[in-house]
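The values are calculated or read from the model by the stated rules, or taken from the named source; none is laboratory data. Since the structure is predicted, the reported quantities are computational estimates derived from the model, not experimental observations. Positions of Cβ are generated from backbone atoms using ideal geometry, with glycine treated the same way; all protein chains shown enter the neighbour counts.
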Amino acid sequence: MSKKVLVLVGTTKGGFIFNSSPARKKWQSSGIQFKSWRVMNMNLDPRDRRLHAAVNHFVYGPTTHYSDDLGASWTQAGQVPVLTRPSKSGRPAGSPEEMDFDDAGKQKELNTPEKLLKVWNITPGRASEPGVLYAGAQPASLFVSHDRGETWTLNEPLYDHPQRGEWNPGAGGLCLHTIIPDPSDPQRMWVAVSAGGTYRTDDGGLTWAPYNKNVRADFSPEKFPEYGQCVHKIALHPDQPQVLYQQNHCGVYRSDNRGEDWIDIGDGKLPTRFGFTMVVHPHEPKTIYTVPEESDEYHLSVDGQFAVWRSRDAGESWEQLTTGLPSPAHLVVLRDAMAADTLDEAGLYAGTNTGQLFYSRDAGDSWEVLADYLPPILSVKTAVVD
């Protein structure tokens, strides 16, 4: 039976599921999922084909949901992630919506529990840990589920990390947006915090340490701090789990030793240091993609040409991919809004903050419009199904 691709798109006004024909030449769209809700992430667990969604509503707050029929119906988790106490390391700095104030306008004492603002992503665990899922949230926190997303437990060692009180929010708030379980070591995991940096555990989440050596923080008095960098996205290929790639607020980096130190692979090779997304080709561990922007001040396409940049040699050299992409155009692809499928001829998908969803059936050589006039796109995930 021919395999088809599902493209799972989260937007500021709901979610969309695009179902491909076997050749990915025709697409059908579902009805809108979670109409008017902010869908931060939809992700299909390949181990049991359960679809998970992290959503947020301006009245009802953040919740997680799951579907066992590919989005035809949804069930809200019995117990969603929740913060019930303040961090023991002290309340981190935050934007006004992350702070609680009393009736006199003074910030409440540090023993006031933090409010969970968003669940940013739901990440399936390894094949060796059935039923386990991970969720990253705002303010920066990590949750784990052992029952396929029915209930969630806070990872307290990271929440109480002594450096947490010095993390600061990026433009999207103080968020833990990326979770990468090491496919070769069940005790190792990386998480990315904006703006706190990359952290790694080697003991199943009991302890965490920063892994940011040689990564810049140009907005900080110290340009190469131990922690506090604004990581935008990290990624790896399961065949080379020791190699990590990172798009940072201040550059593009590679680590060849599980994050022990990082090598700048963008300086002088890419048009700018700034961008949000990072994707690794599913079959070629040294092939990576990112979408540079003009600067952190001007979130615009470089020189008015919307472009994806590809490296086939782990960042030693880069090429600009523009065939089928618009110019003049000023588009932004957010950190979770680009993904690849796993078909033999890999497809790529990039969603913009102005509602265009572009896709490539030839690993980025050429691009087409899959959908237009969507709400601003927050996330793009893919799944290959029979």
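Yes or no: A339 assigned to a loop (DSSP other than H, G, I, E, B) and either surrounded by 14 or more Cβ atoms within 10 Å (Cβ to Cβ) or touching a Ser or Thr at 6+ places or on another chain (Cβ under 8 Å) (or both)? Spelling it out, it is not the case that A339 is assigned to a loop (DSSP other than H, G, I, E, B) and either surrounded by 14 or more Cβ atoms within 10 Å (Cβ to Cβ) or touching a Ser or Thr at 6+ places or on another chain (Cβ under 8 Å) (or both). If you check S184 against the conditions, is it loosely packed, with under 15 Cβ neighbours inside 10 Å, over 22 Å from R85 (Cβ atoms) and among the hydroxyl-bearing types (S, T, Y)? Answer is yes for this residue. Residues of region 82-137 that are within 30 Å of G15 (Cα to Cα), among the small types (G, A, S) and either touching a strand residue (DSSP E or B) at 6+ places or on another chain (Cβ under 7 Å) or modelled with pLDDT under 85 (or both): G94, S95, G125, A135, G136, A137. For region 205-220, a residue qualifies if it is over 21 Å from the mean Cα position of the chain (by Cα) and touching a residue at least 12 places away in the same chain (Cβ under 8 Å), and the qualifying residues are L206, T207, K213, N214, D218, F219. Note on region 267-287: residues that are out of contact with any Lys or Arg (no Cβ under 7 Å at 6 or more places or on another chain), within 19 Å of T342 (Cα to Cα) and aliphatic (A, V, I, L, M) total 2. Based on this model, can you work out whether T198 counts as within 24 Å of V80 (Cβ to Cβ) and modelled with pLDDT of 95 or more? For T198, the condition - within 24 Å of V80 (Cβ to Cβ) and modelled with pLDDT of 95 or more - is not met. If you go through region 266-294 and pick out every residue that is in a loop (DSSP other than H, G, I, E, B) and either crowded, with 23+ Cβ neighbours inside 10 Å or touching a Leu at 6+ places or on another chain (Cβ under 8 Å) (or both), you end up with 8. Selection of region 280-326 for residues being hydroxyl-bearing (S, T, Y) and under 22 Å from the mean Cα position of the chain (by Cα) yields T287, Y289, T290, S295, Y298, S301, S311. Look at (1) touching a Pro at 6+ places or on another chain (Cβ under 7 Å); (2) closer than 26 Å to H161 by Cα; (3) surrounded by 17 or more Cβ atoms within 10 Å (Cβ to Cβ); (4) aliphatic (A, V, I, L, M) and you find that L244 fails only one, number (1).
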